Amino acid sequence: MGVILTQSRSWLIAALLLTGSRAAIAQTIAVSGNPGLLRINNAVAGSEPIAVTNGSTTYTVTTPAPNRTYKVTAQLNAAMPADVTLTATFAAPTGATSIGPVALDLTARDVVTGIPRNTNSTQGITYELSATVAAGVVTSSSRIVTLTIIRFP
Amino acid sequence: MNTRQLVATMALLAGAASAAAAQTATQTVTFQVDAINQIAFAGSPSLVINAATAGSDPTSATAAATWAVTTNQTGAKITASIGSNMPAGLTLSADLSAPAGAASAGSQALSTTSTDLVTSITKLAQGALGVTYSLTATAAAGVVSSTTRTVTYTITGGT
């Protein structure tokens, strides 16, 4: 009985150590900074204003060893002005899938799926701002884009 | 709960915590849309007066062209002028079709002074709009050899 109890305690310690280890290597996501001003200021006569893009920033994802896959979502902290659209395209790490251009709003939208385990990859983010003439003039405004990496499925 | 049950429970809790874990990062995106007012005109019309009905002034000539506009403002307008006035007895006029919701001033004689041709243009992008140029002459104008005028159109943004 005493031997069994000793073995169980060892198992408990091992399990706790394992749990701590897993927490230390959870999936992570980081960004390189903020993109520069996206400013629409031109159009071809007869057509809607010309959209502008910014591809100056990157994101870095790391995923732990267990055999799981992950995805990245993106969402805004506030809705865009009427008739103005902010679209994001996230390049995918090896083995993952980019959803392509995604119009951002208050809902968390998938931007990259199927990120494999043991990934440590930095990829580009391209933002595009488009507006119709109905948007009118929009003074300088900001939105916070929250990127989240979670297990999926 | 014995030791094995305790360990199993903790392992399940740890697993659940791991499954719910989510990591986030944020970016601040700044944007703006400036006032945009663009117009374009296509075509270089040629106008020749070479006939008349006996007893009347010469028959006027007309020519067609097209124009397009984009504005994201309210109440923009189009004006036009020419670089130098027309010879005596000759009148060059332009008539621009109005885009949706705007107002055309109809056929307006052009001179070195800007004149309104279309007003109340509000937040639209529209092309393939018609322009009709007309040249009229009185008999007093006499014979006028080939000459040109450059018509300058200007869009003035609204609010």
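All of the numbers you see were taken from the coordinates with simple rules; none came from a lab. All figures in this text were calculated on a predicted structure; none of them were measured in a lab. Virtual Cβ from ideal backbone geometry, glycine too; neighbours counted across all protein chains shown.
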One residue is enough: does segment B:125-147 have a residue meeting the conditions surrounded by 12 or more Cβ atoms within 10 Å (Cβ to Cβ), closer than 27 Å to B:Ala76 by Cα and touching a helix residue (DSSP H, G or I) at 6+ places or on another chain (Cβ under 7 Å)? yes
Could you look through segment A:82-114, keep only residues that are touching a Pro at 6+ places or on another chain (Cβ under 9 Å) and within 12 Å of chain B (Cβ to nearest Cβ), and pick out the one that is surrounded by the most Cβ atoms within 10 Å (Cβ to Cβ)? A:Ala88
Being within 14 Å of chain A (Cβ to nearest Cβ) and under 16 Å from B:Pro45 (Cα atoms) is the filter here, so list the residues in segment B:70-102 that pass it. B:Leu96
Are any residues in segment B:39-59 under 30 Å from B:Ala125 (Cα atoms), surrounded by 10 or more Cβ atoms within 10 Å (Cβ to Cβ) and hydroxyl-bearing (Ser, Thr, Tyr), and if so, which ones? B:Ser46
